[in-house]
Each structure stands twice: as C-alpha cells, then as structure tokens.
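FYI, it's all coordinate maths here, none of it is from the lab. All values reported here derive from a predicted model rather than from experimental measurement. Glycine also receives a Cβ, built like all others from the backbone with ideal geometry; neighbour counts cover every protein chain displayed.
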Amino acid sequence: MENLFIAKTDDTPEIDFNSETKEMKMTGRSLPEDVTTFYQPVLDWLDELEATPSGEYKCIMNLEYFNTASSKLILDILMRLEDIHLDGNTAIEIIWNYDERDTDMEEAAEEYSELVEVPFKIVGI
Amino acid sequence: METALKEIHSIMNDEHAVLVYSGEFNQDIVKSMLSYTEGKLDSSGIDNLVKKKIFNVMVEQLQNITKHQYVDGEDSTIQPCFVLIEEDTYYNIVTGNPIKIDTIDMVSERIDKVNSLDAPGLKALYKEARLNSRISDVGGAGLGFIDVARKTENKLDYSFYDINSDNYKYFTLKTQVNKIIE
C-alpha cells in the first residue's frame, strides 16, 4: 500500500494513511464545499486496501467538527472499512477520539459505531 | 446615507448583533464569518459546547445559502443575508436568501416534518436520510435542517416574503441556540 497524505486546511482535515505504522488518521475539521472531490482519494485508497491483504490496520479519528455533507462521506468510509474487515483479509479497528466536552461528537461517534460491524472504541479526551 | 448609517448602528446595538452581513456568499466569505464569530465567542467566555453548536448551525445555514443563492436575471439584486444576535438566554441565527417559488413547497414540507419530530424521531430520520442520500450537484446531502434541529433542540422558524418577483420569494430561517444546555 502507498501512503496517503493530505495536509490540513481551514475547512478540510489532515489525512495521514501510513502503510508502515498501519494507521489511517483523520484529524481536524471537515466542511469543504465539495466533499466528493475531497474524499475521493480516501475512497480510492480504501478500494486499494480491500484488494491488498494487510494484516491489521487502525483507523484513528480525531475530528473536531464535520458538516452534514462530510457526515455522509464519513459513513461511506466506515462502511468500506466494514467491508474490508468482514472480508477477513485485513483486520480493522476504529478508534474515535473526541473532546470530552463535546457531547454532540460523542453522540455522532456512538451512532456510527451502531452502524458498522467493526471493533469501535470511543475515547473522550 | 448618514440617516441610514445611524439607523443600522442603532438597530445593531439595540439588538446586540454579533455579526450582520448582506451580500454574496461563497466558501471564503463563509470561512471568514466563521473565523470572526469563533474569535468573538471565544473572548465572550461562553460555554464550549454552546460555541460548538453555534458554529455547527452557522456552517449548515451559511453553506445552504452558498449552494442555493443563485438568481437569474433582473431578480439578482436581492441579496442573501446573515445575522447573529445575542439575546439573554440564547443566540438567534438568522439567514435570508431568494428562493425559487417552485421549491417553496418542498422546503416547507421538509422543515415542517423536522419540526414535528422529537429527539428520537429526528435521530431516526437523520439515520435514514443519510443512508439513502446522495451528494447533490451543488454538493449538499439534504441533511442540514435535520441536523440543525437535533443540535439546537429547538424548532426552526421560517417565512417566505414577497419581493416583487414572478419567480422568487425571500426565504428567512431563524434558529436558536440556547446558552444553557440541559
């Protein structure tokens, strides 16, 4: 797997998918005008991962905020991770970190965890 | 000009306006408004979660305008607007934009539906809508009203005003973020 790195901006998160550490990290805020274009490389990378048995991968979410359009794409990402995990070739673990004061983000993480059959840890920091 | 300025200033003062804007909306302008508001709210010492909710509602309402503001022909003099006002126990977030008359029914239905639901109902509606939605041509997911209703736990207040146009009315949306969250 190649690495995928997209630097953070005011309205898009940092994407740091590293094939040495086997961590997929998304950090920051997501409110781009065009979510489809922004997240396409992420979805493409996940398609590649699905075709490449890779042992174990951790997905670490450190999202401070995301708009409703992003929430749809994040669901798409998590569903792809579920497919990968259930295929049995790469074990996925999702760790969702959130600011412990942000009960809205805690609720959003809980709702996502109910939707996908992947080991899912929700951590208030 | 001077009278108008005095009136505007007086209204803004009396109403405790945090931010008032009228004009074109695009992603850069939206980002500036968000950045300005965050700064202002940071120094006002309000609760972190309240600040987050205001930010959230602003993003959804402002991006809605950015996506749906375009008006053809001679009606394009009517500008969208945004107002953030601080009241005693809540913040009022108000947006206005021209809207095509033939979309009014759809918008009203959506908001009325959202207003008719309680928290569990909104959660279920959001889940279903998100699963079944696709990103539209203008980049929206059709989830904004539901999300704002969930985050604010208040009803959405809306109106359509006549603006002397055959094809457009002016849509205003007012939402409230409480200063105290239970």
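Among the residues of the stretch B:9-28, which ones are assigned to a helix (DSSP H, G or I) and in contact with a strand residue (DSSP E or B) (Cβ under 8 Å, 6 or more places away or on another chain)?
B:11, B:12
Which of the following residues is away from every other protein chain (no Cβ under 12 Å) and closer than 21 Å to residue B:59 by Cα: A:9, A:68, A:21, A:27?
The unique qualifying residue is A:27.
Could you say whether any residue in the stretch B:60-73 is in contact (Cβ under 8 Å) with a residue 60 or more places away in the chain and not in a helix (DSSP H, G or I)?
Yes, because at least one residue in the stretch B:60-73 is in contact (Cβ under 8 Å) with a residue 60 or more places away in the chain and not in a helix (DSSP H, G or I).
Evaluate the stretch B:108-127: report whether one residue or more is within 30 Å of residue B:45 (Cβ to Cβ), in contact with a Leu (Cβ under 7 Å, 6 or more places away or on another chain) and away from chain A (no Cβ under 14 Å).
no
Got a number for residues in the stretch B:86-104 being hydroxyl-bearing (Ser, Thr, Tyr) and surrounded by fewer than 21 Cβ atoms within 10 Å (Cβ to Cβ)?
Count: 3.
Looking at the stretch A:7-17, which of its residues are surrounded by 16 or more Cβ atoms within 10 Å (Cβ to Cβ) and not in a loop (DSSP other than H, G, I, E, B)?
Selection gives A:15, A:16, A:17.
For residue A:103, which of the numbered conditions (1) more than 30 Å from residue B:182 (Cα to Cα); (2) surrounded by fewer than 18 Cβ atoms within 10 Å (Cβ to Cβ) fails to hold?
Going through (1) more than 30 Å from residue B:182 (Cα to Cα); (2) surrounded by fewer than 18 Cβ atoms within 10 Å (Cβ to Cβ) one by one, residue A:103 breaks only (1).
For the stretch A:30-41, give me each residue that is within 14 Å of another protein chain (Cβ to nearest Cβ) and either in contact (Cβ under 8 Å) with a residue 24 or more places away in the chain or in a strand (DSSP E or B) (or both).
A:30, A:31, A:32, A:35, A:36, A:38, A:39
Check the stretch B:113-136 and report whether any residue there is under 13 Å from the mean Cα position of the chain (by Cα) and either closer than 29 Å to residue A:36 by Cα or surrounded by 12 or more Cβ atoms within 10 Å (Cβ to Cβ) (or both).
Among the residues of the stretch B:113-136, not one is under 13 Å from the mean Cα position of the chain (by Cα) and either closer than 29 Å to residue A:36 by Cα or surrounded by 12 or more Cβ atoms within 10 Å (Cβ to Cβ) (or both), which makes the answer no.
Which fully enclosed strands (runs of 3 or more DSSP E) of the stretch A:45-125 have 3 or more residues being under 25 Å from residue A:1 (Cα atoms)?
A:55-66, A:90-98
Taking residue B:134, is it within 13 Å of another protein chain (Cβ to nearest Cβ), in contact with a helix residue (DSSP H, G or I) (Cβ under 6 Å, 6 or more places away or on another chain) and either without any contact (Cβ under 8 Å) to a residue 40 or more places away in the chain or farther than 27 Å from residue A:102 by Cα (or both)?
no
With without any contact (Cβ under 8 Å) to a residue 24 or more places away in the chain and closer than 18 Å to residue B:159 by Cβ as the only criterion, which of B:113, B:40, B:31 stands out?
The unique qualifying residue is B:113.
Look at the stretch B:38-56 and say how many of its residues are buried (at least 20 other Cβ atoms within 10 Å of the Cβ) and either in a loop (DSSP other than H, G, I, E, B) or more than 11 Å from chain A (Cβ to nearest Cβ) (or both).
So the count comes out to 2.
Would you check if residue B:94 is touching a residue at least 40 places away in the same chain (Cβ under 8 Å), more than 13 Å from chain A (Cβ to nearest Cβ) and over 17 Å from the mean Cα position of the chain (by Cα)?
For residue B:94, the condition - touching a residue at least 40 places away in the same chain (Cβ under 8 Å), more than 13 Å from chain A (Cβ to nearest Cβ) and over 17 Å from the mean Cα position of the chain (by Cα) - is not met.
Which one is surrounded by the fewest Cβ atoms within 10 Å (Cβ to Cβ), of the residues in the stretch B:1-28 that are without any contact (Cβ under 8 Å) to a residue 24 or more places away in the chain and hydroxyl-bearing (Ser, Thr, Tyr)?
Looking at residues that are without any contact (Cβ under 8 Å) to a residue 24 or more places away in the chain and hydroxyl-bearing (Ser, Thr, Tyr), I get B:3.
Each row is one residue, and each column tells you yes or no for (1) over 20 Å from residue B:20 (Cα atoms); (2) basic (Lys, Arg).
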site: B:142; (1), (2): yes, no
site: B:151; (1), (2): yes, yes
site: B:163; (1), (2): yes, no
site: B:171; (1), (2): no, no
